Amino acid sequence: MEIVKKSVADVFGINDAAFAKTAVKVFPSTPDTPKSTPDFIFVADTLRRMMVWAASVSLPAGHFGAQMKRNLMVYGPTGCGKTKLIQEFCARTGRSLFRFQCNEDTEPSALFGTWKLCRPIVKEEVAEDAGIIERGIAGIARSIEKLAVAIKKSTGVGPEMTFVDGPVLRWARTPNSVLLLDEKDQLLPSVAMSLNGVLDGDDIVVPETGERITPAPGCLIAATGNTNGRGSAGGNGGSAALYKGVKRQNIATLDRYFVIEAHYLSEAEEKQLLMKQVRIPEAAAEAMAKLASSIRKRFLGLNEDPGGGAAPMEFTITTRNLLNWGMSYSLLANTGMSSQLAFKEGLRMTLLDFGSADERKAVEDAWDNIVGTAA
């Protein structure tokens, strides 16, 4: 299959006059291309920024006199669809996606690659029903394996080893691919800075092997986070206290990214999403979306906008929670539970039982008021 060019409407489902002359490159799918969700909703302003990001690697040489950024940071509250946005962009355009889940214990070797035994001495896992002796033997064997690796590194004598590429190197070898650094604000700043050369598009030299890798044509980098990397959950100076483990990042690293501040979908958009993906009746979908919007204002009041004024909540109804609430309701109703109880039980098992007694009561009261108003 060859690369084809399609309209924005055909690829992303947006009929906007501003995109009338814009052609989208669609690449042949690979085993690493995510599966598409047809009902995913792209927002025109967000897509416009993504199109600029994607264009940065396809401009002819010398188009600009300066070097253009090739990296995109998407940040916003939990469950608003940041990762899904990148996945769906790749799915619609046929790009390979290499996703890495960042955390505060991530080391550069996890990103770039490391030496591993060609033939492991022991199995990676022991059966759950293994006896005490078997588990003990497996533990001893793992210790021996670690010792053998250490000896091999220091003396060159021992089990044969091979260098295994990490996600960065796999991405760099794959044309028209996207490296997704999920929850990038969890990285230690020193580890994040080890990627600065990669973010600049430089060749990657693998010190363990001496290999020099020039990133393949069309390679892009995206990152997601709950904060903007500067200690703010919403860009307005709001507290990031609930996002445990996030780190304030070095401004030199942040300077290498374009940025999108992501938001939850509107009530109208989530109503349509519930109706399409969960097949919830229109009146119920409208009430559910309205409750989600109400609860989010209280959550964002705590995390993003100190002047929000509402009594804060330490959890929220994300789009993911909203869809799972709808699916749980449907299954509970099929067991014979009344519709009224199924909605509340689905909400409790999806979200409310994480909250305090006061928070649970406040949400259930809000739901009763919305349903009463809708009725």
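A few comments on the model shown:
- Within the range 333-344, the presence of a residue that is closer than 16 Å to Thr318 by Cα and either surrounded by 17 or more Cβ atoms within 10 Å (Cβ to Cβ) or modelled with pLDDT of 95 or more (or both) is excluded.
- The sole residue among Ser36, Ser29 that is under 18 Å from Pro217 (Cα atoms), in a loop (DSSP other than H, G, I, E, B) and either assigned by TED's automatic domain parsing to the domain that holds Thr224 or not acidic (Asp, Glu) (or both) is Ser29.
- Residues of the range 335-355 satisfying the condition of being touching a residue at least 24 places away in the same chain (Cβ under 8 Å) and not in a helix (DSSP H, G or I): Leu351, Gly355
Condition check ((1) surrounded by 14 or more Cβ atoms within 10 Å (Cβ to Cβ); (2) modelled with pLDDT under 95; (3) out of contact with any helix residue (DSSP H, G or I) (no Cβ under 9 Å at 6 or more places or on another chain); (4) among the small types (Gly, Ala, Ser)) across all residues:
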position: Val8; (1), (2), (3), (4): yes, no, no, no
position: Val11; (1), (2), (3), (4): yes, no, no, no
position: Lys21; (1), (2), (3), (4): no, yes, yes, no
position: Pro34; (1), (2), (3), (4): yes, no, no, no
position: Phe42; (1), (2), (3), (4): yes, yes, no, no
position: Asn71; (1), (2), (3), (4): yes, no, no, no
position: Arg95; (1), (2), (3), (4): yes, no, no, no
position: Leu111; (1), (2), (3), (4): yes, no, no, no
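- Residue that is more than 21 Å from Trp53 (Cα to Cα), of a type in the set (Lys, Arg) and at pLDDT 95 or above, where the choices are Lys276, Lys247, Lys290: Lys290
- Taking the range 270-285 as the range and being buried (at least 19 other Cβ atoms within 10 Å of the Cβ) and under 16 Å from Gln340 (Cα atoms) as the test, the residues that pass are Ile280, Ala284, Ala285.
- Pair list, Cβ < 6 Å and 6+ apart or interchain, from the range 250-269 residues that are more than 19 Å from Thr46 (Cβ to Cβ) to residues that are at pLDDT 90 or above and small (Gly, Ala, Ser): Thr253/Ala192
- Of residues in the range 154-180 being more than 33 Å from the chain's Cα centre (by Cα) and modelled with pLDDT of 70 or more, the one farthest from Tyr257 (Cα to Cα): Thr155
The values are calculated or read from the model by the stated rules, or taken from the named source; none is laboratory data. None of the values given here were measured: they were computed from a predicted structure. Ideal geometry is used to build each Cβ from the backbone, glycine not excepted, and the neighbour counts take in all protein chains shown.
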